[in-house]
1. Around Val208, which amide H atoms from residues at least 5 apart in sequence, or from another chain, sit under 5 Å from its own amide H, with H modelled in the peptide plane?
2. I'd like to compare 89-102, 29-42: which one has the highest average count of other Cβ atoms within 10 Å, and what's the full order after that?
3. Quote the FRET efficiency, to the nearest 0.05, computed for Asn48 versus Ser272 with a Förster distance R0 of 45 Å and r equal to the Cβ-Cβ distance.
4. Can you list residues whose amide H is under 5 Å from His248's amide H, if they're 5+ apart or on another chain and H is modeled 1.01 Å from N?
5. Quick one: which residues, 5+ away or cross-chain, put their amide H under 5 Å from the amide H of Asn59? H built at 1.01 Å from N.
6. Could you tell me which of the pairs Lys40/Lys63; Lys225/Lys275; Lys137/Lys311; Lys212/Lys305; Lys137/Lys189 are separated by over 24 angstrom between their Cα atoms in the structure shown?
7. Let me know the shape class of the stretch 15-83, please: from the alpha-carbon gyration tensor, a ≥ b ≥ c as square roots of the eigenvalues, rounded when a/c is under 1.5, otherwise prolate if a/b is greater than b/c, or oblate.
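Quick note: the coordinates plus some simple rules give every number you see, no bench work behind them. From a predicted model like this one, the values you see are computed outputs, not experimental measurements. No Cβ is skipped: glycine too gets one built from the backbone with ideal geometry, and neighbour counts run over all protein chains shown.
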Amino acid sequence: MCASGIVFCMDAPNSLPEPKTLQEAITYFADPDRAFQFAKGLRWPDGNVVCPRCGVAKNSFIKTRRLWFCYACKKQFTVKVKTIMEDSPIGLDKWMTAFWLLANAKNGISSHELGRALGVTQTTAWFMLQRIREVMKGRKFGNTTKIGGSGSEVEADETFVGGKVRNMHKARRQRFVKEEGFAGAATGKTVVHGMLDRNLRQVRAQVVPNVKRETLQNILLKNIKYGTKVYTDDAVAYTRDMNWRFVHDFVNKTESYVKGRVHVNGMENFWSLLKRALRGTYVAVEPFHLSRYVDEQVFRYNNRKDEEGRKITDAERFATVMSDVLGHRLTYSDLTGKSDSPHHAPTGTGTAQVKEPL
Ligand SMILES: [Zn+2]
């Protein structure tokens with residue numbers, strides 16, 4: 001039994017050792033049969049292939065084309081149907097390599113880098129990455145439930161990212177401020193707020209409009225259970241009118257960085273990981289897109305260790321993303337309410353691209 005269990009222990013005809021590097025991942029998934037079997041196994045783990053369109057399990061498999069014909073709705077379907085890969089002409093092999101890379105590259109991966117690795121254009125690579133980030137966002141841990149709880153410790157903190165808004169075209173900047181309501185836009189900074197549940201070792205982070213008391217405390221109220229020990233810095237936003245709801249304590253960052261267990265070092269660590277990725281790989285992330293990069297970093301952070309503190313392997317992280325892609329069956333249109341095939345180069349201000357280094 002290999003460590004990753006589910007994924008790389010299948011009775012695949014062309015077994016290779018679990019990929020550990022980019023090159024190995026490319027080689028591993030370059031075999032169309034292996035990529036296909038792999039995706040099929042994740043999508044229909046019990047082997048019972050069900051039509052993604054009508055839900056009926058009566059079909060015949062056309063081996064030469066790796067697709068099924070559904071007897072109920074009389075349509076063909078592939079393993080990509082009803083997933084974010086559905087309307088993309090990019091093969092499973094390339095998609096899987098991309099999933100592998102983004103799930104495991106500590107500092108992220110630029111669209112230039114991915115384009116070169118896969119032999120696709122930078123634009124195509126960029127759209128692939130954005131779709132994968134959407135999947136990662138879907139996994140944001142327990143979005144519907146609150147974190148913390150009696151006896152639990154949660155760190156809450158915020159950080160400022162970028163400064164590119166000032167360089168934006170005037171009309172675009174105004175639209176940005178109007179649509180997004182980002183007060184940070186005026187100062188050229190975007191605010192990201194984050195919370196770390198120390199017991200679960202999980203972070204929840206999001207782009208927020210400003211650092212007003214109302215904004216920040218609302219996030220805490222929405223996300224953190226009653227009775228949680230909440231640790232923050234001594235920003236006014238947190239120090240006033242907080243104690244009625246949580247057991248709250250704060251640390252003065254300038255004087256004593258750490259006050260026993262009362263500190264936000266865990267969040268500081270997360271911010272430095274996020275900023276390293278943003279600086280190193282994504283040179284100029286526009287505020288529009290920042291939330292996707294935050295989601296990506298949150299995904300990798302939350303999938304570093306399991307609840308027992310065991311290190312999660314690259315293969316497992318990859319399987320997690322792939323299961324979400326194939327299991328949730330969300331299309332890109334479902335996720336965004338619009339379609340954006342890689343063939344449609346972005347136009348206008350709404351779909352501006354991230355500038356990345358060559
Ligand atoms: Zn059908």
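1. Val191, Val192, His193
2. Answer by packing, highest mean first, reads 89-102, 29-42.
3. Step by step, r from the Cβ atoms, then E = 0.45.
4. Val230
5. Tyr71
6. Working: Lys40/Lys63 13 Å; Lys225/Lys275 29 Å; Lys137/Lys311 21 Å; Lys212/Lys305 33 Å; Lys137/Lys189 22 Å.
Over 24 Å Cα-Cα: Lys225/Lys275; Lys212/Lys305.
7. Working: a/c = 2.83, a/b = 2.43, b/c = 1.16.
Prolate shape, in that a/c is at least 1.5 and a/b is the bigger ratio.
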